Amino acid sequence: MKHHPVCGFVLLILLLATESVAVIYPVTSVADTSATGTLRWAINQANAGDADQITFNLPVPYKIAPTGELPSITDASTTIDGSSQPGFSGTPIVHLCGTGTPAGSDGLMVWGQGNVVRGLMITKFRIGVGAGGGITVAGCHIMSNTMHGINISASANNTIGGTHPTNRNVISANQQFGIQIWYPGSTNNKVLGNYIGTDASGTAAAGNVTGVYIGENASRNFVGGTAAGSRNLISGNNYGIYIEDTGTTANVIQGNYIGTDASGTAKVPNTQDGIQILSPSNTVGGTSAAAANLISGNGANGVSISGTNAFRNSVLGNDIGVDSTGTGALGNTGSGVEIANAPSNTIGGTVSGAGNLIGGNATGIRVYGLYAVRNVIQGNGIGVDVSGTAAVSNRQWGIDLSSSRNTQVGGTNAASRNVISGNGAYAIDTDPEGGGHIIEGNYIGTDVTGSYVITNVSSGIRISSPGCRVGGTNAARRNVIAGCSVGIWVSGTNATNTVIYGNYIGTDSTGANGLGNRSYGIHVDGAAHHVFVGSTVAGCGNVISGNWNDGIRLSASSREVRVEGNYIGTDASGARAVANSGSGVYIAGPAVSNWIGGAGAGWRNVISGNSGHGITINDAGAQEIRIKGNHIGTGVMATNAVPNGVCGIWLGTGASNNFVGGMEVGAGNTIAFNREKGVA
């Protein structure tokens, strides 16, 4: 029999219309039976068809307590909507409680694509909600479950929360993870706008053991984001976010408050780390203001990157240890960022917006362990506020490089510059067991303009490890080191082959004005040896001026120190005094076999304009010092007077077997215009 084409078309329209209309299954009874009107009945009905909606019209107290595990929701496009309950006003009142189920029973297991769980309170199950792919969980309170609040296992494209406040989940007081995302295939899951580990007000802790866990090779998931309303509050837990396993990569954490209250002005600490990363190639933050995480107030570190599998992670543009204004301290108890035996991670970066603001912590950044190699620290404000003009002090070190190797601190463009100021101990400290660090292009002890002092309490840089370079061969690599106790302190027998090139030590960033360190510009002691302060290479000379004591002091068995090509007591032009208040160079016994200058113009130091002697050699054991080829009391051209305040060279009691000048061409010093004797 033939079918009329118009009749077939009408039949198709009727079928499509029938499929597009959601069937509503109202839950009107709290009983746990299969009778019409129960939740169990509604789920079974929804599993038999598409585009279903389960609504609620329950009697007070709106509590459903199943006696057995509910059926999984396997059909697609089903919405379970607790906000449909009369009396709902934004806070879930329909309560799904698992206290009556057998041990190990789960709450809502939702497997169909496009399913939505909304507006429910889900408590006392093993797992509150299982999300099986393409699921949305929004506006729920998922609390006090014996394992996890939400479990995402080998499933993709789930959305937990949303960008509107009505989509916010409160996921708290679960006995293991608030949200677990794990196993291969768990990708492109989004956690947005939730309170995880706090009460519904976002002001008090109601912690999960871990707020968000990502592991077992889950990749490319998003916690927070840059869109308005994406911020999660992840506070009050043991760990805020925990990421582990070698294949757990390319996960992105952006725009969250971690360890604070909802305002970002008070602590609601995660008792351990805000973020713990033990896997490679994840990103915390980003280069836009909206991508910044506020990671403050935590009981251990703000961000911890740990273990040899934790490489190529990036921590960018975050506020760590400060409050949400960026002007007050809300410190993490440990370090702002800690890298423990983890290689090749980047803290900050070389593009605009990549730098982190790290203040108020015990230590700003700590890098430790012999496997902590080739890490990069660039573009950060460490110990300063968001403006870079006032201190938000880390209580101890700005950067602690402990037993680590080959760390890059700073770089060769303005965006890679760290401002490391206002800290309670050393701005940068190295350890005898590490070494090979490169420190270049930073402002240490100044504001962001390099014009004003923001004091570090101890030395700007302490070098105790071998093979370190401070500064470099051109202006882009120059560190400005001012306002510290000692500008650079090189100390200990492992402090060998240290290179100090091209820095301004005790002046502002122009090299024209004194901005002194409170003691010495450079101090070499503790049997440190083979230290190079300046070089014959163009651009390697330092300006060491404006300090409150000696420009350079060599003492305590330091040896084989070469001081070459520097301006000591003058401005960067070498023509005008910017006095060190003590001697330009002071050598105290038993420092031996050190060189000040050399035979030729390339070796020449200009040691002029200092308030004390140009060079002082004092004490028994101060011997075999060679002073050659320098201008002492003159400008760089030797024709203008830039006198030292006392003598050009002072050879004190006990100094012996030292050499002023020499027989080689160019070994003679020009010593003129000093206030007292040339050599005494």
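The values are calculated or read from the model by the stated rules, or taken from the named source; none is laboratory data. Note that the structure is predicted; figures quoted are calculated from it, not measured. Cβ coordinates were reconstructed from backbone atoms using ideal geometry, including for glycine residues, and neighbour counts include every protein chain displayed. Remember, those area values only see protein heavy atoms, side chains included, never the ligands or the DNA or RNA. Shrake-Rupley method; radii C 1.70, N 1.55, O 1.52, S 1.80 Å.
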Note to self: Computing the accessible area with a 1.4 Å probe over protein heavy atoms, can you report the carbon and sulfur percentage for region 637-680?
What the structure shows: 59
Margin query: Rg/Rh for region 505-578 to two decimals, with Rh computed the Kirkwood way over all alpha-carbon pairs.
Written below: 0.99
Checklist line | Charge dipole of region 390-515 about the Cα centre (unit charges at C-beta), most positive-ward option of G492, G450, W397 | finding: G450
Item checked: Set of lysines with alpha-carbon distance to K677 below 26 Å, sequence-local pairs under 8 removed -> K628
Check: About its Cα centre, what dipole magnitude does the chain give when the only charges are +1 on Lys and Arg Cβ and -1 on Asp and Glu Cβ, stated in debye to the nearest 20?
Finding: 860
Item checked: Long-range HN-HN contacts of T616 with modeled amide H, under 5 Å -> V585, Y586, I587, W650
Notebook entry, point to check: When averaged across all projection directions, what area in nm² does the alpha-carbon convex hull of region 195-256 cover?
Noted result: 4.2
Check: Projected onto the charge dipole of the chain (+1 at Lys/Arg Cβ, -1 at Asp/Glu Cβ, origin at the Cα centre), which of P432, V642, I347 gives the Cα projection farthest towards the positive end?
Finding: V642
Margin query: How large is log10 of I(q)/I(0) for region 346-504 at q = 0.12 Å⁻¹ when the intensity is taken from the Debye formula with one equal scatterer per alpha-carbon?
Written below: -0.40
Item checked: For the chain: accessible area per residue (Å², 1.4 Å) -> 34
Notebook entry, point to check: When only Cα pairs under 8 Å and 6 or more residues apart are kept, what is the percent relative contact order across region 84-237?
Noted result: 17
Next item on the list: Once every Cα of region 554-680 carries one equal point scatterer and solvent is ignored, give the base-10 log of I(q)/I(0) from the Debye formula at q = 0.12, 0.13, 0.17, 0.23 Å⁻¹, two decimals.
Entry: -0.36, -0.43, -0.74, -1.34
Margin query: What aspartates and glutamates does K63 reach when the alpha-carbon gap must be under 17 Å and sequence neighbours fewer than 8 apart in one chain are set aside?
Written below: D32, D81, D106
Note to self: Report, to one decimal in Å, the Kirkwood hydrodynamic radius for region 271-342 based on all distinct Cα pairs.
What the structure shows: 12.2
Note to self: I'd like the distance between the alpha-carbon centres of region 395-442 and region 301-354, rounded to an integer number of Å.
What the structure shows: 14
Note to self: Among [x] 64; [y] 57; [z] 61, only one was calculated for this model; which label is it, if the read-out is percent of Cα pairs over 32 Å apart?
What the structure shows: [y]
Check: Ignoring ligands, DNA and RNA, what percent of the accessible area of region 335-489 is carbon or sulfur (1.4 Å)?
Finding: 50
Notebook entry, point to check: If we restrict to alpha carbons, what Rg and Dmax does region 250-373 come to, in Å?
Noted result: 12.9, 39
Checklist line | In order through region 174-179: 3J(HN,Hα) via Karplus (6.51 cos²θ - 1.76 cosθ + 1.60), integer Hz, x for Gly, Pro | finding: 7, 7, 10, 9, x, 10
Check: Ordered by residue, what ³J(HN,Hα) values in Hz, to whole numbers, does region 476-482 give under the Karplus form 6.51 cos²θ - 1.76 cosθ + 1.60, where θ = phi - 60° and Gly and Pro are x?
Finding: 5, 8, 5, 8, 9, 10, 8
Item checked: region 242-330 - charge dipole about Cα centre, Lys and Arg +1 at Cβ, Asp and Glu -1, debye rounded to 20 -> 100
Check: Using modelled backbone amide H atoms (1.01 Å from N, in-plane), which distant-in-sequence or interchain residues come within less than 5 Å of N313's amide H?
Finding: S281, N282, T346
Check: Can you work out D for region 14-142 in µm² s⁻¹ from Stokes-Einstein, where Rh is the Kirkwood radius over C-alpha pairs, the temperature is 37 °C and the viscosity is 0.692 mPa s?
Finding: 227
Check: What is the Cα convex hull volume of region 448-575 when expressed per residue in Å³?
Finding: 88
Next item on the list: Over the alpha-carbon set of region 308-353, divide Rg by the Kirkwood Rh and report the Rg/Rh ratio to two decimals.
Entry: 1.03
Margin query: How large are Rg and Dmax for region 93-151 when calculated on the C-alpha trace, in angstrom?
Written below: 10.7, 30
Check: Given the convex hull of the Cα atoms of region 435-506, what is a quarter of its surface area in nm²?
Finding: 4.4
Checklist line | Whole-Hz ³J(HN,Hα) from phi, Karplus 6.51 cos²θ - 1.76 cosθ + 1.60, for region 385-392, glycine and proline x | finding: 8, 5, 7, x, 10, 9, 7, 10
Next item on the list: Quote the relative contact order of the chain in percent (integer), defining contacts as alpha-carbon pairs under 8 Å separated by 6+ residues.
Entry: 4
Note to self: What are the equivalent ellipsoid semi-axes of region 147-194, built from the alpha-carbon gyration tensor (square roots of five times its eigenvalues), in whole angstrom, biggest first?
What the structure shows: 18, 16, 5
Notebook entry, point to check: Rule-of-thumb check for region 152-279: C-alpha Rg over 2.2 N^0.38 Å?
Noted result: 0.94
Next item on the list: Give the whole-number value, in cubic angstrom per residue, of the convex hull volume spanned by the C-alpha atoms of region 221-289.
Entry: 83
Item checked: Positive-end extreme of charge dipole, region 253-370 - chosen from G285, V367, G255 (charges on Cβ) -> V367
Next item on the list: Only Cα pairs under 8 Å and at least 6 apart count here; give the relative contact order of region 387-517 as a rounded whole percent.
Entry: 23
Note to self: Tell me the angle of helix 5-20 to the major Cα principal axis of the chain, expressed in degrees between 0 and 90 and rounded to the nearest ten.
What the structure shows: 60
Checklist line | Once the Cα gyration tensor of region 309-417 is diagonalised, semi-axes √(5λ) in Å | finding: 21, 16, 11
Next item on the list: Set the Förster radius R0 to 22 Å, insert the Cβ-Cβ distance between N188 and A51 as r into 1/(1 + (r/R0)^6), and round the FRET efficiency to 0.05.
Entry: 0.40
Next item on the list: Report the local net charge at N145: Lys and Arg +1, Asp and Glu -1, summed over other residues whose C-beta lies under 11 Å from its C-beta.
Entry: +1
Check: Where does region 564-620 land on the Kirkwood hydrodynamic radius, alpha-carbon pairs, in angstrom?
Finding: 11.9
Next item on the list: May I ask you to compute the full-extension gain from S557 to S281, defined as 0.36 nm times their residue separation minus their alpha-carbon distance, rounded to one decimal in nm?
Entry: 94.8 nm
Margin query: Students sometimes get this wrong: rank E433, E560, E69 by accessible area, probe 1.4 Å, all chains present, largest first.
Written below: E433, E69, E560
Checklist line | Three principal axis lengths of region 79-214 [C-alpha, angstrom, descending] | finding: 41, 31, 29
Next item on the list: Could you please state, rounded to a whole Å, how far the C-alpha centre of region 244-276 is from the C-alpha centre of region 649-668?
Entry: 61
Next item on the list: Would you grab the residues whose amide H sits under 5 Å from the one on I122? Only those 5+ places off in sequence or on another chain, please, with H modelled 1.01 Å from N.
Entry: L96, H141, I142, M143
Item checked: Net lengthening on full extension, S288/V636 (0.36 nm per residue, minus Cα-Cα) -> 120.6 nm
Check: What's the carbon and sulfur percent of region 500-625's accessible surface, probe 1.4 angstrom, rounded to a whole number?
Finding: 50
Checklist line | Stokes-Einstein D (µm²/s) once Rh is taken as the Kirkwood radius of region 507-629 over alpha-carbon pairs, at 20 °C in 1.002 mPa s | finding: 155
Notebook entry, point to check: For K267, which aspartates and glutamates qualify as cross-link partners when the Cα separation must be under 16 Å and same-chain residues fewer than eight apart are set aside?
Noted result: D199, D319, D323
Notebook entry, point to check: Under the rule of -39500 (n - 2.57) per DSSP H run of 4 or more residues, summed and divided by the residues of the chain, what mean residue ellipticity at 222 nm is obtained, to the nearest 500 deg cm²/dmol?
Noted result: -1000 deg cm²/dmol
